[in-house]
Each structure stands twice: as structure tokens, then as C-alpha cells.
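What follows is calculated from the coordinates using simple rules that are stated; it is not laboratory data. This is a predicted model, so every value here is computed, not measured. All Cβ positions, even for glycine, are placed from backbone atoms using ideal geometry, and neighbour counts span all protein chains on display.
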């Protein structure tokens, strides 16, 4: 049975309130942009899922198609694509990210 | 590899009213940061604004261009940090 990588991504996006597609892992980021984004997510104090695209080239390509967004990292909140490093950092600096995430976790 | 001027040119072509500044952040002609101040961004979300800019370099993104950090503002937002 061949892999349905888009369905995998859909499942990840739907089943995780806070999700990041990144280079490396949350404990060992392998790119400055991914690292900065992970740092912001940590500041939110919530559990979040990380998916390392470097370990999965097929998924790496598929993620960019799935969100129609050309770069990694990519952050999803409550099933919705929120943006990459610049957007996540900008939203967090403006105080817009935490309320969005709080709402996703049902507060 | 791509030149900062080329990226600037493309963005200006797509958004004629924009002020555009692109800098090479790593010195290797493949990681850049662009600051774009344009009235065309008015009323658009950050994702929409970034998509507008990414569209101008779609053909080179991931190839000659590895990374393009973005700051997107309207003229009214200029001066916001």
C-alpha cells in the first residue's frame, strides 16, 4: 500500500492543537529560523508537536504543497496554518499569538 | 544564487507603489531579508502579505533562493516595531 502523505499531514494538523513542521526537532533544531520559532512556541508554555522534515523528504515536499507555502518552519494552531518564522515572531511580539493558542486549548 | 537587486526588482514589479529593501543576510547570495512597505498590503493579513511577496520569487524559492525573511507593512504601519 503506497503512502498517502497528504492524508498523514491532514491527520497531524487536525490532531494536534499546536504543531510545527521544522528542520530538526524541538530539542535539536537544525536551522536558525526553526530554532527561533520553536523558542516562541516554548514561551507559550503549551505542549506542542514537532515534525522534522529533514528526516522525511517526501513529507517536506508535501507540507509545502499542503499549505501552499514555500518555506519551513510552518506552524499550525488548531488545524489552521498560522505562518512561518517571521509571522509567528511578529504575532507573538504583538501579543496576538498567545490568545489564539489559549483559545485553541479551550480557554 | 540570486542578487538582492533582482529580488527588489521583482517585488517592485508586482507592487509598483512599494518601498523595497532587500539585504543578503548570510553573504552567500541565497539567504535574504526583505523589508517591504506598501499600500497594497492594506487590509491584508500577514499570511496574505507574505504570499504576495513569495509569489514574486516562486520560481527560485528553494533553488537559487534558500530563505527570504519578510517584514511587510503599510506606510501607516511604518515605525511600528
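Semi-axes of the stretch B:1-46's equivalent ellipsoid from the Cα gyration tensor, sqrt of 5 times each eigenvalue, largest first, rounded to whole Å?
22, 11, 7
Considering all alpha-carbon pairs of the protein assembly as shown, what whole percent are spaced by more than 23 angstrom?
Above the 23 Å cut-off, the protein assembly as shown has 44 percent of its Cα pairs.
Quick one: in the stretch A:1-67, what % of C-alpha pairs are over 17 Å apart?
42 percent
Based on other C-beta atoms within 10 Å, arrange B:60, A:101 from fewest to most.
Fewest-to-most ranking of B:60, A:101: B:60, A:101.
Under a crude label model (7 Å from the Cα following the beta-carbon direction), how far is residue B:55 from residue B:77 in nanometres?
Placing both labels 7 Å beyond Cα along the Cβ direction yields 1.7 nm.
Would you work out the relative contact order for chain B, in percent, from Cα pairs under 8 angstrom that are 6 or more residues apart?
Relative CO of chain B lands at 33 percent.
For chain A, what relative contact order do you get, as a whole percent, if you take Cα pairs closer than 8 Å and at least 6 residues apart?
33 percent
Using alpha carbon centroids, what distance separates the stretch A:61-87 and the stretch B:16-68, in Å?
Their Cα centres are 16 Å away from one another.
Hey, in the GNM for chain B with a 10 angstrom Cα cutoff, which one of B:25, B:56, B:45 fluctuates hardest?
Judging by the Gaussian network model, the answer is B:45.
Considering only chain B, what is the antiparallel percent among its DSSP beta bridges, to the nearest 5?
Percentage antiparallel, nearest 5: 45.
According to the square roots a ≥ b ≥ c of the eigenvalues of the Cα gyration tensor, what is the shape class of chain B, taking rounded for a/c under 1.5, prolate for a/b larger than b/c otherwise, and oblate for the remainder?
Cα axes put chain B in the prolate bin.
Can you pull the one-decimal nm distance between simple spin-label points at residue A:98 and residue A:10, each 7 Å off the Cα toward Cβ?
Here the answer is 3.6 nm between the modelled labels.
Would you mind giving the mean number of other chain beta-carbons within 10 Å of the Cβ of each residue in B:50-60, as a whole number?
Partner-chain Cβ atoms within 10 Å, mean over residues of B:50-60: 2.
Using the 10 angstrom Cβ neighbour count as an exposure proxy, how do B:26, B:31, B:50 rank, fewest first?
Least to most surrounded, the residues fall as B:26, B:31, B:50.
Compute the Rg to Rh ratio over the stretch A:54-100 from the alpha carbon atoms, using the Kirkwood formula for Rh, and round to two decimal places.
1.03
If packing is taken as the average number of other Cβ atoms within 10 Å across a peptide's residues, how do A:84-93, B:4-13 rank, most packed first?
Per-residue Cβ counts within 10 Å, averaged per peptide and sorted highest first, yield A:84-93, B:4-13.
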